[in-house]
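Chemist: Pasting in a structure now, in structure tokens, and then I'll have a few things to ask.
What follows draws every value from the coordinates through simple rules; no lab data is involved. Please read all numbers here as calculations on a predicted model, not as lab measurements. Cβ atoms come from the backbone with ideal geometry, glycine included; neighbour counts cover every protein chain shown.
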Amino acid sequence: MEPSLARVDYLQVGVTAQKTMRLLPASGKKATQKVVVGDQDGVVTCFGIKKGEAVPVFKTLPGQKISRLELGGALNTPQEKIFVAVGSEVRGFTKRGKQFLSFETNLTESIKAMYISGADLFLCASYIYNHYCDCKDQHYFLSGDKINDVLCLPVDKVNCITPVLACQDRVLRVLQGSDLLYEVEVPGPPTVLALSNGNGGDSGEEIVYGTSDGKLGLTQITGTKAIPRWEIGNEKKRGGILCIDSFDILGDGVKELLVGRDDGMIEIYNFESADDPVLRHDYALSESIASIQGGCVGKDGYDEILAATYSGWLTGLTTEPVHREGGSGEELKLSQEMQSKISSLRNELEQLQIKVLQEREKYQQSSQSSTAISSVPAFSVNDKFTLNKDDASYSLILEVQTAIDNVLVQSDVPLDLLDVDKNSAVVSFSSCDSEPNSNFLLATYRCQANTTRLELKVRSIEGQYGTLQAYITPRIQPKTCQVHQYQIKPLSLHQRTHSIDQDRPMNTLMLKGQFSFAEIHSWVVFCLPEVPEKTPAGESITFYFQNTFLGTQLESTYRKGEGYFKSDNISTISILKDVLSKEATKRKINLNISYDVNEESVRHTLKLIHPKLEYQQLLAKKVHLIDALRELQVHEGNVDFLLPKYRSILEEADQLLEEYKRQPAHLERLYGMITDLFIDKFKFKGTNVKTKVPLLLEILDGCDEDGLIAFFDAA
């Protein structure tokens with residue numbers, strides 16, 4: 001049965017962070033529930049719905065921004081005490097709005113994640129986890145990478161306190177006291193954790209996680225190891241997961257999984273087979289879903305899904321039928337209640353329009369006076385710059401609390417702008433001088449009215465590093481703009497991975513010198529994405545990476561005074577050698593650099609590149625034939641006389657053009673990588689082969705793998 005859900009917008013508060021909205025427990029079985037939400041203006045708002053109108057229960061005064069909101073109370077009693085994380089402080093309110101707790105923690109940073117279980121409070125800053133019981137410090141743990149979320153398995157079911165941290169390095173860390181019990185590898189950086197079925201399942205050990213690249217999974221956390229139960233990939237290329245809840249919205253007696261994503265998608269997963277969940281329903285909102293809850297809000301007896309969006313809208317998807325059907329011949333009439341609501345909204349709109357005009361006039365007068373002080377309106381921007389493994393491109397997502405007018409994108413390194421299907425903005429390119437100003441890209445995105453979220457895709461070239469800048473101008477008066485900067489790193493297409501294939505032929509770069517562990521770590525952070533900025537604990541560290549474009553790999557191990565970098569791609573080693581030498585020279589540190597080049601690795605890399613090269617060359621040839629074949633089709637009226645391979649090109653013309661348009665300069669990038677590989681191979685031998693590059697390009701046009709390998713060997 002397909003759920004019939006109608007959208008209702010209840011109220012707008014300030015900009016909200018992830019997991020800052022909850023539903024208070026209902027007083028009766030079918031009674032409506034109160035909503036409590038905290039925003040970045042520092043206001044906690046609690047309201048209920050009566051006759052379709054939001055009726056406030058309480059509202060606190062503005063202050064520091066609220067980063068998390070949780071419900072708590074004694075175990076096995078209704079969880080109706082409200083706890084909010086503000087900076088490094090936790091505040092507690094009753095359901096009537098009376099503040100009963102103000103707990104200043106010993107954290108030096110702001111609280112990023114919070115979980116409450118009875119008298120136990122679990123707090124996380126960027127890298128630090130703290131456990132308090134009755135506001136007394138119990139346990140502490142320093143994580144190897146940023147902590148995105150925290151929860152604790154239900155104490156009444158597992159009979160011990162088992163906290164689980166979701167960390168940016170694609171790992172769930174299971175703790176016991178202040179110690180790490182074990183780590184669970186997950187397929188992407190986990191951004192949110194939730195207890196399966198709201199209670200951890202029958203065993204109390206099952207947790208659901210969502211990742212920033214849109215994957216969803218369930219794992220069982222036992223006392224000694226994790227048992228993965230199911231995992232759902234992101235086949236539809238949707239946004240990252242920000243919030244998860246369990247609620248029986250279909251009314252079949254089994255709780256569904258409710259998922260909110262950062263591209264505005266709300267998804268309902270149903271456990272039909274009792275094994276893997278199946279996507280039953282989805283609904284698209286225009287901005288990211290910061291919090292999601294299932295319950296009864298608008299009208300008693302009608303369940304709904306309530307979502308809090310980034311800009312502060314509280315939107316319900318209710319099972320209450322919106323249209324009342326009239327009898328035969330009877331005209332449908334708006335109910336008295338609906339008519340009075342419309343007229344009150346009209347009056348409110350008129351008053352707001354008058355107020356806006358008055359304030360605008362007031363501003364114009366004050367700005368022209370001799371004592372005028374210009375005030376720049378502040379606006380909030382939610383941005384995300386991440387590497388996509390599927391197509392080796394970077395996604396830049398910009399979300400503004402008000403409508404975007406335009407976004408200007410500028411880069412001092414060569415970048416390809418790729419097409420994004422969801423993007424309705426009009427893009428225009430400006431010519432730029434790359435020589436004097438190092439200006440390689442200048443593009444303007446003009447957004448349609450009411451666009452609050454913009455997604456861009458760029459592809460970088462490894463070895464060329466610098467800064468991408470986005471100038472964001474919203475539709476507000478007076479005109480104002482915010483600049484956001486994103487670093488394009490030397491090995492920008494590399495992504496962290498849990499392990500690598502040690503049997504591949506590897507090249508090794510060895511560094512020795514008078515540098516500290518913190519210094520070499522800062523150089524690795526400069527070179528590679530997804531490395532935590534904080535220097536790791538211990539004396540040495542090993543990171544593994546995979547190149548998302550080619551599939552080559554890199555292992556980096558370093559400590560105070562020495563570093564070892566191994567890769568099956570000699571160009572990766574060459575880039576590292578150049579950048580690390582430059583960084584050491586800046587700090588006046590002498591480096592002793594040695595390297596071990598494996599000749600077999602060049603052939604291995606060519607074999608990895610060649611299938612991609614062959615595919616792109618064939619695609620380019622097919623695309624170039626399309627116009628001529630279409631002309632033939634128009635003249636002849638029939639294409640039966642064509643060979644089957646040409647007929648298939650005509651049949652697939654639209655898909656071929658779409659794919660070619662989606663990946664501009666893909667072939668040039670592959671040519672560039674093979675050319676760099678050729679130059680780098682001989683650079684390590686001390687030979688300059690740049691004069692032989694034109695000959696190499698001729699061989700590449702022929703696309704013969706054996707001929708290419710022979711040329712590399714003979715040169």
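Chemist: Near Gly204, within a Cβ-to-Cβ distance under 13 Å, what is the net charge of the other residues, with Lys and Arg +1 and Asp and Glu -1? The partial results should precede the final answer.
Modeler: Values: positive: Lys157; negative: Asp156, Asp202, Glu205, Glu206.
Within the 13 Å Cβ shell, the charges total -3.
Chemist: I need the Kirkwood Rh of the stretch 168-239: take the reciprocal of the average 1/r across all distinct C-alpha pairs and report it in angstrom. Mind showing how you got there, number by number?
Modeler: Working: mean 1/r = 0.0792 Å⁻¹.
When all Cα pairs of the stretch 168-239 are included, the Kirkwood radius is 12.6 Å.
Chemist: Rounded to the nearest 20 Debye, what is the dipole magnitude of the chain about its Cα centre when Lys and Arg each give +1 and Asp and Glu each give -1 at the C-beta? Spell out each step's value before the answer.
Modeler: On the way: 77 positive and 96 negative charges, 453 e Å.
I would put it at about 2180 debye.
Chemist: Of Gly637, Tyr615, Ser594, which is farthest along the charge dipole of the stretch 554-703 in the positive direction, counting Lys and Arg as +1 and Asp and Glu as -1 at C-beta?
Modeler: Of Gly637, Tyr615, Ser594, it is Ser594.
Chemist: State, to one decimal in nm, how far the label point of Tyr140 lies from the label point of Gln365, with both points 7 Å from Cα in the Cβ direction.
Modeler: 5.9 nm
Chemist: Taking 2.2 N^0.38 Å as the expected size of a compact globular protein, what ratio does the Cα radius of gyration of the stretch 15-235 give against it, to two decimals? Display every interim value, and only then the final one.
Modeler: Numbers: Rg = 17.4 Å, N = 221, 2.2 N^0.38 = 17.1 Å.
For the stretch 15-235, the normalised Cα radius of gyration is 1.02.
Chemist: For the stretch 602-714, take the alpha-carbon Rg, divide it by the Kirkwood Rh, and send me Rg/Rh.
Modeler: Details: Rg = 18.0 Å, Rh = 16.1 Å.
Here Rg/Rh amounts to 1.12.
Chemist: Restricting to DSSP H runs of at least four residues, report the calculated mean residue ellipticity at 222 nm for the chain, -39500 (n - 2.57) per run over all residues, nearest 500 deg cm²/dmol. Please report the intermediate quantities before stating the final value.
Modeler: On the way: 11 runs with 163 residues, N = 715.
It comes out at -7500 deg cm²/dmol, rounded to the nearest 500.
Chemist: Once the mean 1/r over all distinct Cα pairs of the stretch 241-293 is inverted, what Kirkwood radius in angstroms do you read off?
Modeler: On the way: mean 1/r = 0.0894 Å⁻¹.
Final number for the Kirkwood radius of the stretch 241-293 is 11.2 Å.
Chemist: Pairs of lysines 8 or more apart, or on different chains, with alpha carbons under 18 Å: count those in the stretch 602-714, would you?
Modeler: Here the count comes out as 11.
Chemist: Whole angstrom only: what separates the Cα centroid of the stretch 462-541 from the Cα centroid of the stretch 338-384?
Modeler: 43 Å
Chemist: Taking only the alpha carbons of the chain, what extent do you get along each of the three principal axes, in Å, biggest first?
Modeler: Principal-axis extents of the Cα atoms in the chain, largest first: 85, 73, 73 Å.
Chemist: Expressed as a whole number of Å, what is the distance separating the alpha-carbon centroids of the stretch 404-444 and the stretch 552-572?
Modeler: 33 Å
Chemist: Something else: Nearest 20 debye, what's the magnitude of the dipole of the stretch 523-665 about its Cα centre given +1 on Lys and Arg Cβ and -1 on Asp and Glu Cβ? Please report the intermediate quantities before stating the final value.
Modeler: On the way: 19 positive and 21 negative charges, 146 e Å.
The calculated dipole for the stretch 523-665 is roughly 700 debye.
Chemist: Among Val15, Ile49, Pro62, whose Cα projects farthest towards the positive end of the dipole of the stretch 1-122, with charges put on the beta-carbon of Lys, Arg (+1) and Asp, Glu (-1)?
Modeler: Ile49
Chemist: May I pose another question? At q = 0.12, 0.13, 0.23 Å⁻¹, what is the log10 ratio I(q)/I(0) for the stretch 16-131, with the Debye formula run over Cα points and no solvent?
Modeler: -0.41, -0.48, -1.37
Chemist: Quick one: check the C-alpha center-to-center distance for the stretch 668-715 versus the stretch 3-41, whole angstrom.
Modeler: 61 Å
Chemist: Moving on. Enter the angle in degrees (range 0 to 90, nearest 10) between the Cα long axis of helix 666-683 and the first principal axis of the Cα atoms of the chain, meaning the one along which they spread out most.
Modeler: 50 degrees
Chemist: Something else: Could you give the length gained by full extension between Asn76 and His604, i.e. 0.36 nm per residue of separation minus their alpha carbon distance, to one decimal place? Let's see the in-between values first.
Modeler: On the way: separation 528, 0.36 × 528 = 190.08 nm, distance 6.05 nm.
The Asn76-His604 span can extend by a further 184.0 nm.
Chemist: Now for a different question. Among Ser499, Leu387, Gly87, flag the residue with its Cα farthest along the positive direction of the charge dipole of the chain, charges on Cβ as +1 for Lys/Arg and -1 for Asp/Glu.
Modeler: Going by the Cα projections, it comes out as Gly87.
Chemist: If you average 1/r across every pair of different Cα atoms in the stretch 444-574 and take the reciprocal, what Kirkwood value do you get, in Å? Numbers along the way, then the final one.
Modeler: Working: mean 1/r = 0.0581 Å⁻¹.
Evaluated on the stretch 444-574, it is 17.2 Å.
Chemist: While we're on this one: Quick check: convex hull of the Cα atoms in the stretch 381-488, volume per residue, rounded to a whole Å³? Can you show the working numbers first?
Modeler: Values: hull volume 10.9 nm³, N = 108.
Roughly 101 Å³ of hull volume per residue.
Chemist: Additional query: Which distance in nm do the two modelled labels at Phe100 and Val57 give, with both placed 7 Å along the Cα-to-Cβ direction?
Modeler: A separation of 1.4 nm, rounded to one decimal place.
Chemist: Going by alpha carbons, how many degrees (0 to 90, nearest 10) lie between the helix axis of 599-636 and the longest principal axis of the chain?
Modeler: 80 degrees
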